Amino acid sequence: MIKVRNIASCLCAISFATSAVYAQTPAYLDDNQDIETRVADALSRLTLEEKVAMVHAQSKFSSAGAPRLGIPEVWCTDGPHGIRPEVLWDEWEQAGWTNDSCVAYPALTALAASWDPSLSLLYGQSIGEEARYRNKSVLLGPGVNICRTPLNGRSFEYMGEDPYLSGQMVVPYINGVQQQGVAVCLKHYALNNNEVNRHTTNVILSDRALYEIYLPAFKAGVVEGKAWSIMGSYNLYKDQHCCHNQYLLNDILKGEWAFDGVVVSDWGGVHDTDQAIHNGLDLEFGSWTNGLTNGTSNAYDNYFLAHPYLQMIKEGKVGTKELDEKVSRILRLIFRTAMNRNRPFGSMNSEAHQAAARKIGAESIVLLKNASSKKQNALLPIDFNKMKKILVVGENAIKMMTVGGGSSSLKVQHEVSPLDGLKAVIGNKASIKYVRGYVGDPTGEYNGVKSGQDLKDDRSAEELTSEAVNEAKKADMVIFIGGLNKSDHQDCEDADRESYNLSYGQDDLIEALAAANKNLVVVNISGNAIAMPWIDKVPTVVQDWYLGSEAGYSLADVLVGNVNPSGKLPYTNYASLNQCGAHALNTYPGTWREDHKVIDEEYKEDIFVGYRYTDKNNLKPLFPFGHGLSYTTFKYGKATAAKSWSNGKSLKVEIPVTNTGKVDGAEVVQLYIQDVKCSVARPIKELKAFKKIMLKAGETATVSFELSEESLKYYNADKKEWTLEPGTFNIMIGSSSSDIRATLSVDHE
Ligand code: BGC
C-alpha cells in the first residue's frame, strides 16, 4: 500500500475536493452520469501515488481505494461456495468475528450435476446476497477449469469436463451474483487443471484444444455473463505465468473478448514487475504467500506493482498509460459495486438461502446404479415396508465437510450431516443405527476454523470392519457413506489425489459389507470420479457431493424418495485411469526441465478430454458423462428437425419425451453433434444443447432445441477462426453421452 506522505499537497487536495462538493457534485460521484464519464473524472483527480496504491493489495483480501476522494477499498472474499470467514489484516488466521458464519452451498461440481441453469441463477443470487450483506465487492469465484483428470484436487470447485455444460452453468451464476452489485471473479484463467506443481507447471497444448476445450467456459463467463473480474491462474502458458500473460490476458481476454473488467492475480501468482505492468494484470494480490498458509509480513509496499512500479515511473523507465488503464478498470469495478447506490442490501443465513442450498443439493445427486434384476434389488427409494432396521456405516456420514479443502473452506452457522439428515427425514419409519466402519480424517480445522468434531477412534481396521459386518448382518439394509473428504490428497487445494481408488481401506470394507448384506447402498461423497472395484457386488450406488450446510437433508430427500433424483454426471466416471487421456498418454503431471524450475505438461490428448477420449478409443467407462438414473423411466419418441436453417443461423430440433413410470420426475435431455466428414479430427460426440424437463407420471412433453450454426464449427488454428465445413452432421439426442435414443442427419451447406 503506497501511503501519501506529502501532507501539504494532501490538505490542498482535500480543500479542493470539499469546495467542489459544495459547488457542484463531481461527475464521479454523480449517479446520473454514465460509468465511463465517472471513471474518467475520478482518474483525472488521482495523484500518481494514489493510482499506484490502487493496483495492489493493502491486506490479505483488500486493496486501497482513494480515501481522499471517498472512493472505497475493494474487499474480496472467497468463494465459490459460501462467504469465507474474516481473517486478520495480514494473516491467514481467523479475525475472530462472531457474525461471519454463512450458508455453505453445494460445491460447484454438484451445481453442474444438476444440469439446471435456473438453479445456477438461484445459487448466484443467494451467495451474492450473502456477499453483499457482508459488504464484499468481489466474490472470488466461480471456477470453470476443465476436469481433465479425476485426480485434480480442486475439481470440486469446478463444473466438470465439458466446455458447453460449464459455459451454460456459469453464466446464470454470474448474473445472479452481479445483480446484487457484487462482482464475480471468474477463476482460474487458464489451464490450471491440476494442483500438483501448480506454481511451476508450463502447459503446452494446441490452439484447438485451448479454444475448443479450455477457453469456452471462460469466454461464456466474460462475453455472455459479462463478469466484472477474472483471476489469473498460478501456472504458466507459453513460458509466462498466467497472471501476467500476453497471450491469455492481452490478446485473447482483453483483445478478442473485449473484457472491460479487472484482472486480479491469484494470491502469490505475480512474479515480475515488468510483466505485471505490460501483460494484462490489473490488481496484484497475495505476493510472497502461497495463497494458503504462509507469507511475508506486511510486504505490501514491496509488491511488484507497488514501490518497484512507482520507482520505474519516477525514473522514466515506464510511462503511465498502463497504470491509467489498470486504475480505470478498478474504478469501473468500484462504480459497479461499492459505489453503486442502487445495489440491494443483501441478506445472510436466511431460510430462503438454506432452502436454496437444500434444493440445489438434492437436484444434483446422481443415482448411478439402482439394479433391478433377479440377482440384485433396486434399493432406492427406501421401501419402509421392508426396511425397518437400517444400518449406516462410514465416516462421511458424520463428518463436517464445509471445513477443509483449501481457500473454499467455510465457517457455517450449521451443517446437517448425512446421518442427522437421514434421522430427521426418516423419523420413526425405521430404526437407524450407526457404526464407523473406517477412520479417514478425524481432524477438522482450516485456518483456525474448527469443525468442533473429534472423530478420533483408536480401534484397528479389523475391529472396525468386524463391528460393521456384524451389524450389517442384523440389518434390513445397509447404507455406506464414504468417499473423499477434502483433507490433503482427498479433494483439496494445492495437492492432487494420489490414487483413483478410495483410501482408508474403504474398498475392502465395501466388499465385506456386500458379502454380509445384499441390500447395500453405497453413497460416494466426492468432487471427482473414483474407482469402484466392487461395483458388480453392490446393487445401488449414489454419487453425492460436498453439499454444504444442508448436505444431510438433500441426501435424505433423495434416498427416501421425497425428491426423485435427476442429477447427471458432469464428468466421465472412468473404470480406470487408463481410460483418461491425460493418464493413458502419460502426460500428467509433466516433466521437469533440467533446471528443475519449470515442469512442462503437454496435453497430448489434445481436444479428446473426458467422453471425447473414451468415445474416440471405444472405451466403456464405468459411468458415462451425462449419466444419471431416476425413480421413473423416460421414453424418447421420434426426433424431427426443421427443413432448413432459419436465416442460415439456427435449426429447430424437437423430440417428444414421456415419463413412463409411476412417479413424477425430471429428465435432462442431451443433444450431441457429430461432424460426419471433416478435414480435421473431430470428436464422435460434442454436447451442444440440453434441457431439464419435469414430467408428471404418464406425461409427454416435446423438448425443443434451437441448434445454432456456431455449434457445428471447429476451431481452425491455421486461420485463427471458427470454421464450418459444409456437409452432413449427425444430431444425437439421449439420456447420457452413451445412451443415445434418437439420431438425425442434417445437412449444412
Ligand atoms: C486460490 C484462489 C483463492 C485465493 C484467495 C488461492 O490460493 O488459488 O482460488 O481465491 O487463494 O484465498
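Points to keep in mind about this one:
- Rg(Cα) / (2.2 N^0.38 Å) computed for the range 101-217, rounded to two decimals: 1.07
- Packing-based ranking of 439-447, 250-258, 267-275 yields 267-275, 439-447, 250-258, ordered from highest to lowest mean Cβ neighbour count within 10 Å.
- Using the Cβ-Cβ distance between Asn290 and Gln413 with R0 set to 41 Å, the FRET efficiency works out to roughly 0.90.
- Distance histogram in 5 Å bins (all Cα pairs of the range 647-736, percent per bin): 3, 12, 21, 20, 15, 11, 8, 5, 3, 1, 0
- Orientation-averaged projected area, Cα convex hull of the chain (nm²): 33.8
- The listed residues Ser704, Ser408, once ranked by accessible area (1.4 Å probe) with the largest placed first, stand as Ser704, Ser408.
- Label-to-label distance for Ser646 and Asp747 is 2.3 nm, based on points extended 7 Å past Cα in the beta-carbon direction.
- Cα-based Rg of the range 210-293 normalised by 2.2 N^0.38 Å, two decimals: 1.04
- Sum of side-chain charges, Asp675 neighbourhood, beta-carbon under 12 Å (Lys, Arg +1; Asp, Glu -1): +2
- The share of accessible area on the chain that comes from carbon and sulfur is 50 percent, using a 1.4 angstrom probe.
- Ellipsoid semi-axes for the range 557-601, based on the Cα gyration tensor and the rule √(5λ), read 40, 13, 7 Å when sorted largest first.
- For the range 74-164, the convex hull spanned by the alpha carbon atoms encloses 112 Å³ per residue.
- Net length gained if the chain between Ser431 and Glu325 were fully extended (0.36 nm per residue, minus Cα distance): 31.7 nm
- At full extension, Ala95 and Glu445 could sit 124.5 nm farther apart than now, given 0.36 nm per residue minus the alpha carbon distance.
- Solution diffusion estimate, µm²/s, Stokes-Einstein, the range 256-374, Kirkwood Rh from C-alpha pairs, 37 °C, viscosity 0.692 mPa s: 177
- The range 543-638 - Debye-derived log10 I(q)/I(0), Cα point model, q = 0.14, 0.24 Å⁻¹: -0.74, -1.14
- Label zone at Ser373 (point 7 Å along Cα-to-Cβ), backbone N below 16 Å, the range 539-571: 539-541
- Take the Kirkwood radius over Cα pairs of the range 422-461, plug it into Stokes-Einstein at 10 °C and 1.306 mPa s, and you get 123 µm²/s for translational diffusion.
- Calculated accessible area for the chain comes out at 36 Å² per residue, all protein chains present (probe 1.4 Å; ligands, DNA, RNA ignored).
- Protection-proxy order for peptides 397-403, 429-435, each taking the mean of Cβ atoms within 10 Å per residue, highest first: 397-403, 429-435
- Taking only the Cα atoms of the range 460-577, the ratio Rg/Rh comes out at 0.96, with Rh defined as the Kirkwood radius.
- Descending semi-axes in whole angstrom, ellipsoid equivalent of the range 591-723, from the Cα gyration tensor: 36, 23, 12
- Summarising the strand pairing of the range 201-336, around 35 percent of its internal DSSP beta bridges are antiparallel.
- A protection proxy built from the mean count of other Cβ atoms within 10 Å ranks the segments 379-389, 131-141, 234-244, most packed first, as 131-141, 234-244, 379-389.
- At an R0 of 41 angstrom, the distance between the Cβ atoms of Asn578 and Met312 translates into a FRET efficiency of 0.20.
- Measuring nothing but how far apart in sequence close Cα pairs (under 8 Å, 6+ apart) lie, relative to its length, the chain scores a relative contact order of 14 percent.
- Summarising the strand pairing of the chain, around 60 percent of its internal DSSP beta bridges are antiparallel.
- Percent of Cα pairs exceeding the 19 Å cut-off, where the set is the range 320-394: 71
The values are calculated or read from the model by the stated rules, or taken from the named source; none is laboratory data. Quick caveat: nothing in here was measured; it's all calculated off a predicted structure. No Cβ is skipped: glycine too gets one built from the backbone with ideal geometry, and neighbour counts run over all protein chains shown. Please note that ligands, DNA and RNA were not included when accessible areas were found on the heavy atoms of the full protein model with its side chains. Shrake-Rupley method; radii C 1.70, N 1.55, O 1.52, S 1.80 Å.
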